[in-house]
Structures are given as C-alpha cells and as structure tokens.
Amino acid sequence: MKHKFNIELIFWLGALIWLFFDNPMEHHFTLCPIKNLGFSFCPGCGIGHSISFLLHGNLEQSFESHPLGIFALIVIIHRIITLIKTYLPTFKHTKL
C-alpha cells in the first residue's frame, strides 16, 4: 500500500515542535507582512508567542500575547488529529 505524503500535516507538526523549542521571551524576526510594511498593529501578531507560552505551561503570558492563542492551539491540534486519521491507515479502521 502506498502511503500518501501530506505537507500540511508535516507543516503543522513542525510548527508546533518549533514553537515548543522556541524561547517566547526572545524577540526575533517576524514573517508578518503587515509588521514588515511598518504598521504597528496586526490582529494576528502574537499568536505564535501565545502558543509557545502555552506549550511551556505559561497560561497568563499566553493570554497577554494574544487572547486567541488557546483557541488557535485547539484548532491546530484538531487539524493534526484529523489529518492523521485521514492519511494513516491504522487510524482509519479503528473504532472507539
């Protein structure tokens, strides 16, 4: 049986692993096009820091970085589980 290669699954897993090993207290470059254009406000900025703080167990700092970080992490984890169930045959036929 040929296994499907899913770039989205690898992306989300890689992103969460990177955010887990990242130090959210450090300031580093941003990929945000709005910030890079010089605007001071972006509604999405801080979500990566928020998730990183969550993965390090710091709920208060997470909420301060971005109030939707908890929701974003839940959505990402749900997406990862959905992709795993879809693309791994061992999960397809398992009944709970």
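Converting phi to 3J(HN,Hα) with the Karplus coefficients 6.51, -1.76 and 1.60 and the offset θ = phi - 60°, segment 70-77 yields 5, 4, 4, 5, 4, 5, 5, 5 Hz in sequence order, with x at every glycine or proline.
For Ser52, what charge total do you get from the other residues with a beta carbon under 13 Å from its beta carbon, if Lys and Arg give +1 and Asp and Glu give -1?
Numbers: positive: none; negative: Asp22, Glu26, Glu64.
Spelling it out: positives minus negatives among the neighbours equals -3.
If you plug the beta carbon distance of Ile84 and Phe21 into 1/(1 + (r/R0)^6) with R0 = 22 Å, you get a FRET efficiency near 0.55. Taking 12 Å as the cut-off, the amide N atoms of segment 41-75 that come nearer than this to a point 7 Å along the Cα-to-beta-carbon line of Cys32 belong to 41-50, 65-67.
None of the figures in this text is laboratory data; all of them are computed from the coordinates on show. Please read all numbers here as calculations on a predicted model, not as lab measurements. Methodologically, a virtual Cβ is constructed for each residue, glycine included, from the backbone with ideal geometry; neighbour enumeration extends over all protein chains shown.
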